[in-house]
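Written out below as structure tokens is the structure these notes cover.
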Amino acid sequence: MRQRAVRGYDALRGAWEDLVAVHPPARPLAESAARHEAGPDGCPPVRAKEEHLLQPPAQAVARRAVAGDPHFGRAFLTTDPVARFARDHAAARQVALRTAIAGHAPLTLDGRRRDGGGEGYGKWADDQLDHLDPEAVVVDVLCHC
């Protein structure tokens, strides 16, 4: 799951880098907000965000999300891609690695189940995986009731 999460993040980041290579650089939301606040009438934050999301890279991501692009899912219709990809690549990759299992509800080898989330859950889940026998098999099951 960790390797899949990192490969997925790397593919997503690569798709973003390919996309921004053919567009003018995107400016951060703070720049749009500052420009609107400095104007004579000021501007509601919603208008600054609208302007920010009208930038070519953000619009290209939105078009791809609507078209069903495997990298830019529908979540990008409500997510600011400029802010998301402004993070340091290595740090964001590390987050993808460390949170690959944290959202799930693992069943331990002794039959205990712990629901995802809560204080200390991510560290607990990582510790469980880190201390497994190297020959252990981890199964990822998607179950809908």
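Here are a few things to note about the model shown:
- Number of the condition not met by residue 45 [criteria: (1) at pLDDT 90 or above; (2) exposed (fewer than 14 other Cβ atoms within 10 Å of the Cβ)]: (1)
- Here 74, 112, 63 are screened, and the one residue that is free of Cβ contacts under 8 Å to residues at least 12 places away in the same chain and in contact with a helix residue (DSSP H, G or I) (Cβ under 6 Å, 6 or more places away or on another chain) is 74.
- If you go through segment 84-109 and keep only what is in contact with a helix residue (DSSP H, G or I) (Cβ under 7 Å, 6 or more places away or on another chain), not small (Gly, Ala, Ser) and not in a loop (DSSP other than H, G, I, E, B), you end up with 85, 89, 93, 97, 98.
- Scanning segment 46-78 for residues that are farther than 20 Å from residue 34 by Cα and assigned to a loop (DSSP other than H, G, I, E, B) returns 68, 69, 70, 71, 72, 73, 78.
- Within the span defined as segment 104-113, every residue fails to be under 29 Å from residue 50 (Cβ atoms) and charged (D, E, K, R).
- Residue in segment 1-13 that is without any contact (Cβ under 8 Å) to a residue 24 or more places away in the chain, of a type in the set (Lys, Arg) and closer than 18 Å to residue 93 by Cα present: yes
- Taking segment 66-108 as the range and being closer than 15 Å to residue 11 by Cα, of a type in the set (Gly, Ala, Ser) and surrounded by 14 or more Cβ atoms within 10 Å (Cβ to Cβ) as the test, the residues that pass are 92, 96.
- Any hit, segment 100-107, residues being at pLDDT below 80, over 30 Å from residue 60 (Cβ atoms), of a type outside the set (Lys, Arg) and touching a Pro at 6+ places or on another chain (Cβ under 9 Å): no
The values are calculated or read from the model by the stated rules, or taken from the named source; none is laboratory data. The shown structure was predicted, so the numbers you read here are calculated from the model rather than taken from an experiment. Virtual Cβ from ideal backbone geometry, glycine too; neighbours counted across all protein chains shown.
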